């Protein structure tokens, strides 16, 4: 059996924000598994999933500490003044270097750059300024990023039920790195 096993050894200790990761997963799954598939909407929802995941690394618990419905507030001071809190590049740059390196390689960062403002620019598909051409690279990156974060949380001992029961291998090999076995 093939397994998704990224190297987590160089990632510093992180705070768990499992409810945010579950929220990002929900956005991704709605984009990917909906019976009404429209790539422009799938790309926006996948970018939103990535945004929530990135924000989780700079969020503070503000309610229901330790419960499955824990609530958070994104720390805007982790971004430069007047920065767009939806800009995927800005959110990526707010990560610690070890987390950023763990989550993304150079090709992933190019996808982030290309889609940095897709949530704001394309969430209203009927607007003249919305993107008219879409590729599935942001959708695959959302799945890959979810897999990496969930794997990291599991490896680091997160006891949240969503994290414990998430099927990382299934998500990764169905949505990111597909194989056709003989």
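All of the numbers you see were taken from the coordinates with simple rules; none came from a lab. Bear in mind that the values here come from a model prediction, so they are computed numbers and not experimental data.
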- The rounded separation in angstrom of the Cα centers of the stretch 147-167 and the stretch 69-86 is 23
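With an 8 Å cut-off on Cα pairs and a minimum separation of 6 or more residues, tell me the relative contact order of the stretch 18-172 in percent.
Details: 191 pairs, mean separation 43.4, N = 155.
In percent, rounded to a whole number, it is 28.
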- Note on the structure: In a Gaussian network model of the chain with springs linking alpha carbons closer than 10 Å, the residue among 152, 30, 103 that fluctuates most is 30
- Note on the structure: Candidates 12, 40, 113; GNM for the chain (alpha-carbon contacts under 10 Å) flags as most fluctuating 12
- Per-selection metrics, the chain (Cα): Rg and Dmax in Å: 16.1, 54
- Given the options 58, 69, 169, state which has the largest fluctuation in a GNM of the chain using a 10 Å cut-off (strictly under) for Cα springs. 69
